[in-house]
Amino acid sequence: MDIKTLEGIGLTKTEIKIYLALLKLGQTTTTNIVRNSGIHASKVYEFLDKLIQKGLVSYVIKSNKKYFSASDPEYLKEFLREKREKLIEQGKEVDKIIPELKSIQKSKKNFIKSEIYEGLRGIKSIYERMLLALKKGETQYIIGAPRIANEQIEGFLLDWHKRRIKKGIRCKYIYDSNVKDYGGIRNKMPLTEVRYLPKNIISPMWIEIFKDFIVIGHIKEYNAILFLIQDKEIAEGYRDYFNLIWETSTN
């Protein structure tokens, strides 16, 4: 018998074993339940109580001894109906407290969210997150994309750009001056603009801005670390820096 259906309506594996044993045995004592269910005696009493509370087991007392029996399987429908009603009531209670919870969330608006990603997989994870966050017509900004990053994950980046362009996302890049070969490839892409930093500025770090996020990345050989910050005001400040640098950078 597939017990997943019974698990799906909220019964535990132990409750199911006891319930099935009672269906098979009929009215019986805990001794027989232990033998047929394989559940330890100390647990049988605990889970019988839970099944009684759910209305799936009942008992009678004969000669000062309890005899248990399973409710008719048709009662499972009633069990589900009661569960649905309880969920509806819980939903109403949740609706009442949502405004209060939101007010708590707003009171922490000065909290800056941050995460750390490592390695080339970390770079790829950030880019996948970026693709999910940005919508058609929105822009990704980069300051100082280093050559080493392109050399190590160019295949991934080219595929990412295809998906980015298909989604209608714009890119504005300010590359390091020694990456003009990669920059030239990007400059031919739709929805993409490329400029370059002065020749004396070459660094293994870069900055990316998208939505309310800022990424500060550092890469050396096959070791990379990225700091992801989420804060609307900080992101706006970095976009202002980008625009200032953009005006003074070269094509």
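The values are calculated or read from the model by the stated rules, or taken from the named source; none is laboratory data. Just so you know, these numbers come straight off a predicted model, no measurement behind them. Backbone-built Cβ (ideal geometry, glycine too); neighbour counts: all protein chains shown.
Scanning segment 152-183 for residues that are part of a helix (DSSP H, G or I) and closer than 14 Å to Trp206 by Cβ yields Gln152, Ile153, Leu157, Ser177, Asn178, Val179, Tyr182, Gly183. Would you mention how many residues in segment 184-212 are part of a helix (DSSP H, G or I) and surrounded by 15 or more Cβ atoms within 10 Å (Cβ to Cβ)? Qualifying residue count for the region: 3. When the helices (runs of 4 or more DSSP H) confined to segment 1-116 are screened for residues that are at pLDDT 90 or above, those reaching at least 1 such residues are found at 13-25, 30-37, 41-53, 75-107. Can you say whether Ile143 is under 20 Å from Phe210 (Cβ atoms), among the β-branched types (Val, Ile, Thr), assigned by TED's automatic domain parsing to the domain that holds Phe210 and in a strand (DSSP E or B), as far as the supplied structure shows? So Ile143 passes the test.
Taken together, the residues in segment 196-251 that are in contact with a Leu (Cβ under 8 Å, 6 or more places away or on another chain), under 17 Å from Tyr141 (Cβ atoms) and free of Cβ contacts under 8 Å to residues at least 24 places away in the same chain amount to 1.
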